[in-house]
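Following: one structure in structure tokens, then a few remarks.
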Amino acid sequence: RTTRAESSIAPLDSRESENEFERRIALERDLQGEAAVQHEREVSRNEDKLRRFEKQRVKQERADARKEEERHEERVEALKNHVRHVKENEQDHQKFLRREMKEDVEAEREDALQQEKKERRVRKEAAEEQEQ
């Protein structure tokens, strides 16, 4: 039974002895065996590189996912802060409006009191003039 490697070996040349032929076959087998070992090493190195690359890719994807999650959390926190500030501003604005309305009511009350005093004075003066 001949292997594929042996079938590629040139047949016995009429100028070479059987010993030379056997040595040539042994040498070619050694070379082919060495080439096969080299090939296996290369395949193994490539598989190792592929595993390292895949491991690095997974690690990078995890890191990217973590960063994206952090960015998402930052956006959520910023939105919460914004909503809180808007509510605080709304509450402050409501306080301001209540204070303004209270001041307006007090000013109107004061104006009414002043008007009433003025009217009393005018009536008093009118009454005094009638008495005279």
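Quick one: would you say Val76 is aliphatic (A, V, I, L, M), within 35 Å of the chain's Cα centre (by Cα) and modelled with pLDDT of 95 or more?
Here the answer is yes, as Val76 does meet what is asked.
Out of all the residues in the range 121-130, is one or more surrounded by fewer than 10 Cβ atoms within 10 Å (Cβ to Cβ) and not in a helix (DSSP H, G or I)?
no
Does at least one position in the range 40-62 carry a residue that is more than 34 Å from the chain's Cα centre (by Cα), loosely packed, with under 10 Cβ neighbours inside 10 Å, part of a helix (DSSP H, G or I) and of a type in the set (Asp, Glu)?
No; the residues of the range 40-62 include none that is more than 34 Å from the chain's Cα centre (by Cα), loosely packed, with under 10 Cβ neighbours inside 10 Å, part of a helix (DSSP H, G or I) and of a type in the set (Asp, Glu).
Does Glu20 qualify as being out of contact with any His (no Cβ under 8 Å at 6 or more places or on another chain), surrounded by 10 or more Cβ atoms within 10 Å (Cβ to Cβ), modelled with pLDDT of 95 or more and in a helix (DSSP H, G or I)?
Criteria not met by Glu20.
The values are calculated or read from the model by the stated rules, or taken from the named source; none is laboratory data. As the structure is a prediction and not an experimental result, all values here were calculated from the model. Every residue, glycine as well, gets a Cβ built from its backbone with ideal geometry; the counts of neighbours run over all protein chains shown.
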